[in-house]
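Undergrad: Just passing along the structure, written as C-alpha cells.
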Amino acid sequence: MGWEFATLIDPLDLSRVKCKLCGKKMFGGINRMKQHIGQVTSCNVATPDQQKRCRDAYEAPQKKKKLKQ
C-alpha cells in the first residue's frame, strides 16, 4: 500500500525512499513513509483520504498483534 506513495532512491538500499507527493527524501523504508503521510503534521500535500489509508495500513499490524494476545 505504501509503495504507491514512494519510490526507492537507491535500488540496493530499501531504507532510502522518496515521497511521490512532496518529494521529501528520507531513511526508514516504507514504514517511515506510511508514518510520513499518515501523521497529522507530516506530508502537507497528502489528502485526508491518503492520510487515513496510510495511517490504517501502518496501525493494522499493531492492532492485529494486540488481538492475538
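The values are calculated or read from the model by the stated rules, or taken from the named source; none is laboratory data. Fair warning: this is a prediction, and the values are worked out from it, not measured in the lab. Quick reminder, even Gly has a Cβ in these numbers, built from the backbone with ideal geometry, and neighbours come from all protein chains shown. Accessible surface is based on the protein model in full, side chains and every heavy atom, while ligands, DNA and RNA are left aside. Shrake-Rupley method; radii C 1.70, N 1.55, O 1.52, S 1.80 Å.
Undergrad: Label-point separation (nm) for M26 and T47, each offset 7 Å from Cα along Cα-to-Cβ?
TA: Reported label-point gap for M26 and T47 is 2.1 nm.
Undergrad: Still on this structure, please answer the following. Once label points are set 7 Å from the Cα along Cα→Cβ at both D10 and L67, what is their separation, rounded to one decimal in nm?
TA: Label-label distance for D10 and L67, simple model: 3.9 nm.
Undergrad: Starting from the residue with the highest accessible area, list M1, M26 in decreasing order, probe 1.4 Å.
TA: M1, M26
Undergrad: Further, regarding this structure: On average, how much accessible surface per residue is there in the chain, in Å², for a 1.4 Å probe, leaving out ligands, DNA and RNA?
TA: Value for the chain: 71 Å² per residue.
Undergrad: If you don't mind, there's one more thing I want to ask. Too long at a 32 Å Cα-Cα cut-off: which of K25/K65; K18/K68; K24/K68; K25/K68?
TA: K18/K68; K24/K68; K25/K68
Undergrad: From Cα coordinates alone, what are the radius of gyration and Dmax values for segment 13-69 in angstrom?
TA: Computed over the Cα atoms of segment 13-69, radius of gyration and Dmax are 12.3, 39 Å.
Undergrad: Next up: Ignoring ligands, DNA and RNA, what percent of the accessible area of the chain is carbon or sulfur (1.4 Å)?
TA: Answer for the chain is 54 percent, counting heavy atoms of protein chains only.
Undergrad: While we're here: Fully extended, how many nm does the chain gain between M1 and A57 (0.36 nm per residue separation, minus their Cα-Cα distance)?
TA: The M1-A57 span can extend by a further 19.4 nm.
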